[in-house]
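Enquirer: Below you will find the structure I want to go over with you.
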């Protein structure tokens, strides 16, 4: 993150870095491992871990003495989701959308260079599916991320396009110029399509949701097998259902009429 | 069998019966390891790898029933198309493409030897990487395919069973090595570093297909 640490409290910053290290590293880490990873003294790390442990934010394995994230983290994560306005408002709409199209629905928000999935409704059949809430995907391989990015001001869009664009499949768009043109088209069409750009065989169609200031706050999309979601280009029925849902959700979030109106016209011309 | 056929058979030991044994062996291996594959997939994917592949290879079995007299390449193409249709997920397109490309490489040949088989498996891998853009070390099926093909190339000139045994050993070692890798492709890549410590289901099923290939050679 940025450099203005001077106005922040160093120990809180370090404690947060320990939590993030535990979240992204191996499931359990020892004091020395963490100290080395974070470039801190062992005694400092030990003291921070003991403090975090008292708050149940980390816990120590009795046998190995190694540390992992504590149960309180789940409470905090759940609280984040519970207080997330877009997620809260999308619960019913997402269910309705999933039933209408017979596919899974995901709600996501841009967080840095990734899309954080804040809500996921399973495809309404009896197949085994894994909950993706809390997962994050690179923004450019997700219809949720692309449609959110397309609605951002130019400078933020340029920042996204200027960063790393990892290739996840043979279909991932990794050329920033191609992606920039795609975002323009998405902005005009009012929806984004992702066709096997993240996972082979899977596709997604998404539309952005706007708040009372007319700013994009996230996106809602239908995800499923490419042969149903993008049989020959985006499924018109799914595009219509997704745009309809995004428009209603935006209205609920207090979005100005221009966004709702712009999203209402179902256009299916963007590849 | 005529003397001529016997001589040609010595240098070109593979035929439609061999390919049929391979595909049936694939079905048997996948069925036997269905729950194990699904378990592996539950850790890094969506817990459907074993079930989906099993459904696909059962369908391949029915296709084989009706495919009497076809050249080996055509059998593989039909098996591939069946897998694309019936497996779903990422494994369907990937394995479907692999078998189809291998079949196309064999063309209309009635028999073929180790060299042509190696070429066909290379074509299969090329199909897989064109779809998935995965390279070695990404924690995907490529990590089992590539070592197997390298082993086959090293065994050029060896007898079929020896060459295929070396390929199986290499594929199994490659699959085992994915445990320590961080996934950079596919759904498992969503997990980032948390994917470390789990063996990749795709690499594992690829190793099973090479084991079936080795067994088909007797």
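Enquirer: If a residue must be part of a helix (DSSP H, G or I), within 15 Å of residue A:220 (Cα to Cα), in contact (Cβ under 8 Å) with a residue 24 or more places away in the chain and under 22 Å from the mean Cα position of the chain (by Cα), how many such residues does the stretch A:59-100 contain?
Expert: 12
Enquirer: From the list A:94, A:41, A:79, pick out the single residue that is within 30 Å of residue A:242 (Cβ to Cβ) and at pLDDT 95 or above.
Expert: Every option except A:94 fails the conditions.
Enquirer: With A:187, A:102 as the choices, which residue is away from chain B (no Cβ under 14 Å) and farther than 30 Å from residue B:42 by Cβ?
Expert: Going through A:187, A:102 in turn, just one is away from chain B (no Cβ under 14 Å) and farther than 30 Å from residue B:42 by Cβ: A:187.
Enquirer: Residues of the stretch A:146-171 being surrounded by 20 or more Cβ atoms within 10 Å (Cβ to Cβ) and away from every other protein chain (no Cβ under 13 Å), which ones?
Expert: Matches in the stretch A:146-171: A:146, A:147, A:148, A:149, A:150, A:151, A:160.
Enquirer: Name every residue in the stretch A:219-241 that is in a strand (DSSP E or B), under 17 Å from residue A:107 (Cα atoms) and within 14 Å of chain B (Cβ to nearest Cβ), in order of residue number.
Expert: Passing the criteria: A:223, A:224.
Enquirer: May I pose another question? Restricting to helices (runs of 4 or more DSSP H) lying wholly in the stretch B:47-116: which have 2 or more residues that are over 17 Å from the mean Cα position of the chain (by Cα), away from every other protein chain (no Cβ under 12 Å) and surrounded by fewer than 23 Cβ atoms within 10 Å (Cβ to Cβ)?
Expert: Counting at least 2 such residues, we get B:49-65.
Per-residue answers, yes or no, for (1) within 14 Å of chain B (Cβ to nearest Cβ); (2) closer than 22 Å to residue A:118 by Cα; (3) surrounded by 13 or more Cβ atoms within 10 Å (Cβ to Cβ):
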position: A:10; (1), (2), (3): no, no, no
position: A:15; (1), (2), (3): no, no, yes
position: A:35; (1), (2), (3): no, no, yes
position: A:55; (1), (2), (3): no, no, no
position: A:63; (1), (2), (3): no, no, no
position: A:80; (1), (2), (3): no, yes, yes
position: A:87; (1), (2), (3): no, yes, yes
position: A:97; (1), (2), (3): no, yes, yes
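Enquirer: Which residue, of A:216, A:176, is touching a helix residue (DSSP H, G or I) at 6+ places or on another chain (Cβ under 8 Å), under 23 Å from residue A:89 (Cβ atoms) and away from chain B (no Cβ under 14 Å)?
Expert: One residue alone meets the criteria, A:216.
Enquirer: Suppose we filter the stretch A:115-131 for residues that are crowded, with 20+ Cβ neighbours inside 10 Å and either at the interface with chain B (Cβ under 10 Å from one of its Cβ atoms) or outside any strand (DSSP E or B) (or both); how many remain?
Expert: Total satisfying the criteria: 1.
Enquirer: When you scan the stretch B:2-28, how many residues do you find that are surrounded by fewer than 22 Cβ atoms within 10 Å (Cβ to Cβ) and either at pLDDT 90 or above or on the phi > 0 side of the Ramachandran plot (or both)?
Expert: Summing the residues that are surrounded by fewer than 22 Cβ atoms within 10 Å (Cβ to Cβ) and either at pLDDT 90 or above or on the phi > 0 side of the Ramachandran plot (or both) in the stretch B:2-28 gives 10.
Enquirer: Of the numbered conditions (1) in a helix (DSSP H, G or I); (2) away from chain A (no Cβ under 14 Å), residue B:128 satisfies every one except a single condition; which is it?
Expert: (2)
Enquirer: Related question: When only residues in the stretch A:105-114 that are away from chain B (no Cβ under 13 Å) and part of a strand (DSSP E or B) count, which is surrounded by the fewest Cβ atoms within 10 Å (Cβ to Cβ)?
Expert: So, considering only residues that are away from chain B (no Cβ under 13 Å) and part of a strand (DSSP E or B), the one surrounded by the fewest Cβ atoms within 10 Å (Cβ to Cβ) is A:111.
Enquirer: Answer with yes or no whether residue B:177 is under 15 Å from the mean Cα position of the chain (by Cα) and crowded, with 18+ Cβ neighbours inside 10 Å.
Expert: It is false that residue B:177 is under 15 Å from the mean Cα position of the chain (by Cα) and crowded, with 18+ Cβ neighbours inside 10 Å.
Enquirer: Could I ask something else about it? Among the residues of the stretch B:131-139, is there at least one that is surrounded by fewer than 22 Cβ atoms within 10 Å (Cβ to Cβ), at pLDDT below 95 and assigned to a helix (DSSP H, G or I)?
Expert: yes
Enquirer: Can you tell me which residue is modelled with the highest pLDDT among those in the stretch B:177-218 that are away from chain A (no Cβ under 13 Å) and touching a strand residue (DSSP E or B) at 6+ places or on another chain (Cβ under 9 Å)?
Expert: B:216
Enquirer: Something else now. Given (1) touching a helix residue (DSSP H, G or I) at 6+ places or on another chain (Cβ under 8 Å); (2) within 12 Å of another protein chain (Cβ to nearest Cβ), where does residue B:42 come up short, assuming only one miss?
Expert: Failed condition: (1).
Enquirer: Report the residue count in the stretch B:205-218 for those that are buried (at least 24 other Cβ atoms within 10 Å of the Cβ) and over 9 Å from residue B:168 (Cα atoms).
Expert: Selection size over the stretch B:205-218: 2.
The values are calculated or read from the model by the stated rules, or taken from the named source; none is laboratory data. Keep in mind the model is a prediction, meaning the values are calculated, not measured. So basically every Cβ, Gly included, is an ideal-geometry build from the backbone, and we count neighbours across all protein chains shown.
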